[in-house]
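Worksheet: the structure to be examined is printed underneath.
The values are calculated or read from the model by the stated rules, or taken from the named source; none is laboratory data. These numbers were taken from a predicted model, which means no experiment stands behind them. Here the Cβ positions follow ideal geometry from the backbone for every residue, glycine too, while neighbour counts run over all protein chains shown. We work out accessible area using only protein heavy atoms, side chains counted, and drop any ligands, DNA or RNA first. Shrake-Rupley method; radii C 1.70, N 1.55, O 1.52, S 1.80 Å.
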Amino acid sequence: MPDSFFSCPFCGLLCDDLPADVERIGCARATRLFSVPAQGQCRVSGRPADPAEARRVAAGILSGARRPLVAGLACDVTGHRAALDLAERTGARVDHMNGPAQFRNWLAFQDGGWMTTTLSEVRNRADVVILAGTVASAFPRFFERCLAPESQFGDLARRVIVLGGPISRLPEPFAGSALTIPVPATRLGELCAVLRARLTGRPLPVREVAGVPAAQIDAVLEILRSARYGVLAWNAAELDFPGAELTIQAMVDLVKDLNRDTRWSGLPLGGNDGDTTAAQVCTWRTGYPLRVAFESAGPRYEPLLFDAARLLAAGEADALLWISALDPARVPPDAACPRIVLGRPDMVFEHPPEVFIPVAVPGVHQAGFMHRMDGVVALPLSVRVASELPSVAQAIAAIQEEMKRVAA
Ligand code: SF4
């Protein structure tokens, strides 16, 4: 690929084919998020401040905290490494802004493992693709990048089945050809369980399940069985209801069962706001995928207890460091404790935090690496616009230096 193409950090696809003129790619999300000023203003309690003062106030808050929380974590690999260094130094808990969706997946994964695939395999081998409870709209070029291209291994006729999700939002040519079956997201698990039962030959003594007629369930089962390489995709962020991890568990189990006769894989769509990158870095540093507390005995993993929203709601954090270098809309939650924000320079606050330090956007103002949603590749990000904004890692290092100076 020519050097003039570059990678986009703004969703889990990390498209690596962007031209200098980003608008030509036709992705509204990329067009919106690549448009960011190269300068920003530090603020303390909403008023303009110089960087040294902002660092000093941030260092004072973190030095005085006994139970800090490092959250948001929307940045690149070096930013995550620096955030974990700071968390280790301050005894903080860490969680990503997409933690609730991430942990629906992790809870299912930890319960019994899963079989998943890569975006390249989807593009080149998948002849049947189920989109369960999603049409991948959070990943604007998913169809263009993964389903529309021809396989590099020869002819591949692809069949797309949408279980739930609005058909009108599917792009051509899939809008007319996809099989769509309306199913409420809350009943997808039930449908998967019945498909598993039918796979083993158990009778179905009812006329319908989750609104799907019994005859259609058997017709879908035949499509699943006859696939040479099937893929079941879901987006945990869209499965937002109590017990949704059990729905994901049912999908994962269906994939496992289908592998007795043919080949199937899961595809957990995600990776937005650097969440896959954050989980990878935390896993290689601590052995756990976030929701970790750095304690004197070592990292402690509690996926329910260390949910950032729960910690803040329960008053169990006395300082919040919120990192959000990718999307200005991802502002920190309101909290009773002091908030320090390392954010995009175009971030606007309804309730200003105690400290705001504008930081460089990875892939726009600074080079770096991020992990794609499938976790198998870390793609390089390049500088598109010169900027003197500090990276997240540099901003954290400067705060740590200030903390050392105060402690000395
Ligand atoms: S689909 Fe995602 S990664 Fe690709 S250009 Fe759009 S926002 Fe960027």
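Go through region 374-381 residue by residue and turn each phi into a ³J(HN,Hα) via Karplus (6.51, -1.76, 1.60, θ = phi - 60°); whole Hz please, and just put x for glycine and proline.
Each residue's phi maps through the Karplus curve to give 7, x, 8, 9, 9, 9, x, 10 Hz.
Can you list residues whose amide H is under 5 Å from Val361's amide H, if they're 5+ apart or on another chain and H is modeled 1.01 Å from N?
Gln366
Listed highest first by mean packing, meaning other Cβ atoms within 10 Å per residue, what order do 176-189, 274-287 come in?
Averaged packing, sorted descending, gives the order 274-287, 176-189.
How much of the DSSP beta bridge set in region 103-270 is antiparallel, as a percent to the nearest 5?
Antiparallel bridges: around 10 percent, rounded to the nearest 5.
Contact order normalised by length for region 103-270, with contacts defined as Cα pairs under 8 Å and 6 or more residues apart; what percent is it?
Over region 103-270, the number comes to 32 percent.
Using a 1.4 Å probe on the protein heavy atoms only, what accessible surface does Cys11 show? Give it in Å² to the nearest 10.
For Cys11, the solvent-accessible surface is approximately 10 Å².
Residue by residue through region 212-221, what is 3J(HN,Hα) from phi via Karplus (6.51 cos²θ - 1.76 cosθ + 1.60, θ = phi - 60°)? Round to whole Hz and write x for glycine and proline.
In residue order, the calculated couplings are 9, x, 4, 5, 6, 4, 5, 5, 5, 4 Hz.
Could you provide, to the nearest whole Å², the per residue accessible area of region 103-270 with probe 1.4 Å? Mind showing how you got there, number by number?
Values: 7540 Å² over 168 residues.
With the other protein chains kept in place, region 103-270 gives 45 Å² per residue.
Per DSSP H run of at least 4 residues, take -39500 (n - 2.57); add these up for the chain, divide by its residues and hand me the 222 nm value, nearest 500 deg cm²/dmol.
Details: 12 runs with 134 residues, N = 408.
Roughly -10000 deg cm²/dmol at 222 nm, from the helical runs in the chain.
Could you work out what % of the accessible surface of the chain is carbon and sulfur, using a 1.4 angstrom probe and leaving DNA, RNA and ligands out of the count?
51 percent
Taking H placed 1.01 Å from N in the peptide plane, check which residues at least 5 places from Val162 or on another chain put their amide H under 5 Å from its amide H.
For Val162, whose amide H was placed from the backbone, the distant partners under 5 Å are Leu131, Leu179, Thr180, Ile181.
Ordered by residue, what ³J(HN,Hα) values in Hz, to whole numbers, does region 197-209 give under the Karplus form 6.51 cos²θ - 1.76 cosθ + 1.60, where θ = phi - 60° and Gly and Pro are x?
Calculated HN-Hα couplings, in order: 5, 5, 4, 8, x, 5, x, 10, x, 9, 7, 7, 9 Hz.
When the chain is modelled as a GNM with alpha-carbon springs shorter than 10 Å, which of Val77, Val377, Val231 fluctuates the most?
Largest GNM mean-square fluctuation: Val377.
Taking amide H atoms as placed 1.01 Å from N in the peptide plane, list the residues 5 or more away in sequence, or in a different chain, whose amide H sits under 5 Å from that of Ala92.
Residues meeting the criterion, in which the H sits 1.01 Å from N, are Phe294.
What figure in square angstrom, to the nearest 10, would you give for the accessible area of Tyr301 with a 1.4 Å probe?
Roughly 40 Å² of Tyr301 is accessible to a 1.4 Å probe.
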